[in-house]
Amino acid sequence: MSISFICCYNNEKQLNSMFLPSIEKLKNRVVDFNPHVLLIDNGNSKYHSAASAFNTEIISHLNELGDILCFVHQDIAFDDGAFIKELVESFEHNPNLIIGFSGKKNNDESYSNLRYYATKNYIVNNQISEMTDVECVDECCFAIPKALFLKMMFDEDVCYHWHLYAVELCYHARRDLGTQVRVASTSIYHKMNDDIGLTIDKYFFETLKRIIKKYKKDYKKIYAPCYTIFTNSILARMQLLKTKIDTTLHHNKRFA
């Protein structure tokens, strides 16, 4: 099976220090590895959302793309080809599958072998030795067969900004197509180091509200990689209010 890497970027320096050099190294290390790379330059804010960017560009380049679509952030890097072997063998065995490199189970724990590029330290506490079933995966890097993706594509109304498009895709695929969602056991790099934290802003929470509205009849909770929330409207409002209060208190404490 052939593989295409798809990256929507707005920081060329980061792209050229992590993702692209690692792809070039893999070409020299992995036999018969010559992947198609689709780069989407959004430095000029051409696209208002990741969903819009990916959907539009994938349709425009559909005939060029491989059997497997691997969506990557600009701050992803690869060290060896072990992940390629794991992806290909997994999809050959089960084409109704989404594979990420970080994900959350319904025990509210995140599982991942992601490492920081500079320090090689693991990003989360729960490492895995085998591919693991999860509720959804993080969008920093995840792969899906092209044929499966074309049955759904990203929901541009729900994922109207730059957050949670992989989460929404996982819940969509699981509900409508019975798709399995798993975290790969192989290790890759995300971010240079730990001085860049998670970005949870008003757009994140608005997207989360839209996901809740879409799936409230199907799931009791949405397990996003960095935030778990009830789909019951009353419980969700209470949880979001508490988050807002806690965030305000934390902000005031920092700058008091």
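For the range 204-218, the Karplus equation 6.51 cos²θ - 1.76 cosθ + 1.60, evaluated at θ = phi - 60°, returns couplings of 4, 5, 5, 5, 4, 4, 5, 5, 4, 4, 6, 10, 5, 7, 10 Hz by residue, with Gly and Pro reported as x. Return the Rg/Rh ratio of the range 184-232 with Cα-based radii and a Kirkwood Rh. Expressed as Rg/Rh, it is 1.10.
For Cys136, list long-range residues whose amide hydrogen, built 1.01 Å from N in the peptide plane, is under 5 Å from its own amide hydrogen. Amide H neighbours of Cys136, under 5 Å, 5+ apart: Lys104.
In whole percent, how big is the carbon plus sulfur part of the accessible area of the chain, probe 1.4 Å, protein atoms only? Reported share for carbon and sulfur atoms: 48 percent. So how far, in whole Å, is the C-alpha centre of the range 139-162 from the one of the range 26-91? Using only Cα atoms, the two centres lie 13 Å from each other. Within the listed set Lys214, Lys105, Lys13, the residue fluctuating most in the Gaussian network model of the chain (springs between alpha-carbon atoms under 10 angstrom) is Lys13. Distances between placed amide hydrogens fall under 5 Å for Ile40 paired with Cys7, Cys8, Tyr9, all partners being 5 or more residues away or on another chain. Each residue of the range 57-72 was assigned a 3J(HN,Hα) from its phi angle through the Karplus expression (A = 6.51, B = -1.76, C = 1.60, θ = phi - 60°), giving 6, 5, 5, 5, 10, 4, 6, 8, 7, x, 6, 10, 9, 10, 8, 9 Hz with x at Gly and Pro. Mean residue ellipticity, 222 nm, helices only, the chain: the sum of -39500 (n - 2.57) across DSSP H runs of n ≥ 4, divided by residue count and rounded to 500, is -11500 deg cm²/dmol.
When the chain is treated as a GNM with alpha-carbon contacts under 10 Å, the residue of Ile58, Ile144, Ile234 showing the greatest mean-square fluctuation is Ile234. Scattering from the range 66-185 was approximated by placing one identical point on each alpha carbon and applying the Debye formula without solvent; log10 I(q)/I(0) at 0.11, 0.16, 0.21 1/Å stands at -0.34, -0.74, -1.30. Label positions at His93 and Arg237, each projected 7 Å from the Cα along the C-beta direction, are separated by 4.7 nm.
Length gained on full extension, Asn106 to Arg175, computed as 0.36 nm times the residue gap minus the Cα-Cα distance: 23.3 nm. Per-residue surface analysis assigns Phe154 an accessible area of about 10 Å², computed on protein heavy atoms at 1.4 Å probe radius. Using a Gaussian network model of the chain in which every pair of alpha carbons under 10 angstrom is joined by a spring, one finds that among Asp32, Asp155, Asp218 the greatest mean-square fluctuation is at Asp32.
In the distance distribution for the range 1-73, Cα-Cα pairs more than 18 Å apart total 41 percent. Each of the peptides 172-181, 48-57 was scored by the mean count of other Cβ atoms within 10 Å over its residues; in descending order, highest first, they stand as 48-57, 172-181. P(r) tail for the range 1-152: Cα pairs beyond 24 Å make up 33% of the total. Relative to the globular-protein estimate of 2.2 N^0.38 Å, the Cα radius of gyration of the range 113-177 stands at 1.31.
Counted over all Cα-Cα pairs of the chain, pairs farther apart than 34 Å make up 14 percent.
The values are calculated or read from the model by the stated rules, or taken from the named source; none is laboratory data. Computed from a predicted structure; not experimentally measured. Every residue, glycine among them, receives a Cβ derived from its backbone with ideal geometry; neighbour counts consider all protein chains shown. SASA here: full protein model, heavy atoms, side chains in, ligands and nucleic acids out. Shrake-Rupley method; radii C 1.70, N 1.55, O 1.52, S 1.80 Å.
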